[in-house]
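Single-structure report; data block below.
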Amino acid sequence: MSQAVVQALVARFPGDAYDPYVGPGGDDVVFVRKERIAEVCRFLKEDPALQFNLAPYVTAVDYLGQEPRFEVVYNCTSTTQGHRVRLRVKVPESDPAVPTVTGVWRGADWFERYCWDMYGIRFPGHPDHRRLFMYDEFVGHPLRKDYPLRGRQPLTPERDVPDLFRGPGPVGRD
């Protein structure tokens, strides 16, 4: 479907966009070196022939026992051109970090936070690098395949959570 997109990536980023293939379901897939992911995404978004205006899903995969252990996967879409492409970034366990793409697509914000929270993959340059689901004192990253199934977490004191829905005026609860 998007072979022209894959060919444009491989031509524009020789050696940095590599090993393209057609994945299950017909999506075109290309591997990208992690150091160049933000630049590749910016090219996809800003090139007038490509116009990838949406990164609807960014996730991670843990291949425990393999090296590199992790992958960050970007599923990108051009709603104007009708193209889809999947970018796969290999991430070694010794340096689980990939440059953020939030400067390209703001919508990648929570997906990158999810990958940090669940897998421990950092995104240098991210504007709000906090856990997304787990509490701050949580130890580890629960979707890693080596996370202990019966692991115990430290007890934390109960704390007040701000009522984000309470505002000025008669609408707030009293």
message: For segment 41-66, which positions are touching a Lys or Arg at 6+ places or on another chain (Cβ under 8 Å) and over 15 Å from residue 107 (Cβ atoms)?
response: 43, 51, 62, 63, 64
task: Starting from segment 116-139, take each residue that is within 16 Å of residue 59 (Cα to Cα) and list its partners that are hydroxyl-bearing (Ser, Thr, Tyr) and outside any loop (DSSP other than H, G, I, E, B), counting only C-beta distances under 8 angstrom and pairs at least six apart or across chains.
output: 132/114; 133/114
- line: Per the list (1) at pLDDT below 90; (2) touching a helix residue (DSSP H, G or I) at 6+ places or on another chain (Cβ under 6 Å), residue check on residue 137 breaks on (2)
- request: Return the only residue of 72, 85 being out of contact with any Pro (no Cβ under 8 Å at 6 or more places or on another chain) and under 24 Å from residue 129 (Cβ atoms).
  value: 72
- prompt: If a residue has to be hydrophobic (A, V, I, L, M, F, W, C) and in contact with a His (Cβ under 9 Å, 6 or more places away or on another chain) to count, how many in segment 45-74 make the cut?
  reply: 2
field: Residue list for segment 6-53, filter: of a type in the set (Asp, Glu), over 17 Å from residue 82 (Cβ atoms) and either in a strand (DSSP E or B) or in contact with a strand residue (DSSP E or B) (Cβ under 8 Å, 6 or more places away or on another chain) (or both)
entry: 16, 19
message: If I ask for residues that are surrounded by 15 or more Cβ atoms within 10 Å (Cβ to Cβ) and part of a loop (DSSP other than H, G, I, E, B), which ones from segment 54-69 would you list?
response: 68, 69
query: When only residues in segment 102-157 that are acidic (Asp, Glu) and closer than 20 Å to residue 40 by Cβ count, which is farthest from the chain's Cα centre (by Cα)?
result: 109
query: Residues in segment 1-50 that are surrounded by 15 or more Cβ atoms within 10 Å (Cβ to Cβ), under 14 Å from residue 75 (Cα atoms) and over 19 Å from the mean Cα position of the chain (by Cα): how many?
result: 3
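The values are calculated or read from the model by the stated rules, or taken from the named source; none is laboratory data. Being a predicted model, the structure only gives us computed values, none of them experimental. Heads up, the Cβs are rebuilt from the backbone with ideal geometry, glycines too, and the neighbour counts pull from every protein chain shown.
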